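Only one structure is covered here, and it is reproduced in the block below.
The values are calculated or read from the model by the stated rules, or taken from the named source; none is laboratory data. Bear in mind that the values here come from a model prediction, so they are computed numbers and not experimental data. No Cβ is skipped: glycine too gets one built from the backbone with ideal geometry, and neighbour counts run over all protein chains shown.
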Amino acid sequence: MKIIGGSSSEALATKVAHGLGTESAKLEIKKFPDGEKYLRVLEDVKREDVIVIQSISRTPDEFLFEYLLLVDTLKDLGAKRVVSFIPYFAYARQDERFNPGEALSFKTVSKLIEDIGTDEIYTIDMHQHRVLRSSDAFKIPSRNLSAMPLLADYVEKTGNLRKPLVIGPDTEAEQWARLAAERLRTDYDVFEKKRLGSENVQIRPKKANARDRDVLIVDDIISTGGTIVEALKILFSQGAKKIDVACTHPLLISGALAKIYEAGAQNVIGTDTVQSPVSYVSVAPLIVDQIKKEGFR
Ligand code: R5P
């Protein structure tokens, strides 16, 4: 078995390989002066099971294309099976035609990934709002793992919050709030969210009362930070004592981190599905466990 990280997840792939007592396989990736990508697999992958790790993040089109080049090359070089871990799966939010004529980006990306020859796919806390099961999103064997228990363990270890109320900032975040709350042996609730524009959301509490409580807000993605800032405002106005924030995918664009701290969060914690200044929790153990469980060798 070979472990290969694309350039968006090189460090993560190295950690995974070390967790399995091996080294990750090497690639040469560079750009031609005109911007085209060059990719070369530097190991013999013939008849091997290959684990590819590549988040489609930050510059999603670039990393998606690199993924396609990589998997096609591996198959062409005789790899027996390509099992992919796509820790951050971009385009999952555009899983519906919200306005007439829009591209169903999620469907297109899934199709490309399947058609290029991926044999199995694992995602981590993929944005599943309307498509609720991986098996509805992909025709190949697939599984969506969650980093929430790892994030909850980290929060517990910091000891900053006392029996926190776990809040998901929208109804779809219930899946993550529940997992984090179970791990922390505490209670959870969700907010109802209305999107007013690409950077503006209005959030109303469902039934949570944060008065005199420490709170942990959890979500899959922090992008502009708008969702979390609104949740912080509401929770503080309800009388929350201390609030920490945890997310799986810290995209943190448009000064999101500063906005969240300004709004009063004490700690922001993310994972390394997307590298960021708050990627304190690695998803490597999650991937290692899965590889061991499936018996890939
Ligand atoms: C959306 O429904 C997601 O679960 C996140 O809440 C959202 O992507 C966060 O975006 P932003 O940080 O821009 O509010």
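Listed values, structure above:
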item	result
Where a residue in the stretch 27-44 is closer than 12 Å to G6 by Cα and its partner, wherever it lies, is of a type in the set (G, A, S), with Cβ under 6 Å and at least six apart	I29/S7
Matching residues in the stretch 103-128 - criterion: being assigned to a helix (DSSP H, G or I) and over 15 Å from K139 (Cβ atoms)	S105
Per-region count, the stretch 112-129, residues surrounded by fewer than 19 Cβ atoms within 10 Å (Cβ to Cβ) and within 23 Å of K80 (Cβ to Cβ)	7
The stretch 164-213, residues that are in a loop (DSSP other than H, G, I, E, B), modelled with pLDDT of 85 or more and within 12 Å of the ligand (Cβ to nearest atom)	P169, D170
Enumeration of residues in the stretch 44-75 that are of a type in the set (D, E, K, R) and part of a loop (DSSP other than H, G, I, E, B)	D44, K46, R47, E48, R58
Enumeration of residues in the stretch 25-34 that are part of a loop (DSSP other than H, G, I, E, B) and at pLDDT 95 or above	F32, P33, D34
Any hit, the stretch 78-89, residues being at pLDDT 95 or above and surrounded by fewer than 16 Cβ atoms within 10 Å (Cβ to Cβ)	yes
Filter result (buried (at least 24 other Cβ atoms within 10 Å of the Cβ) and touching a Gly at 6+ places or on another chain (Cβ under 7 Å)) within the stretch 234-245	I243
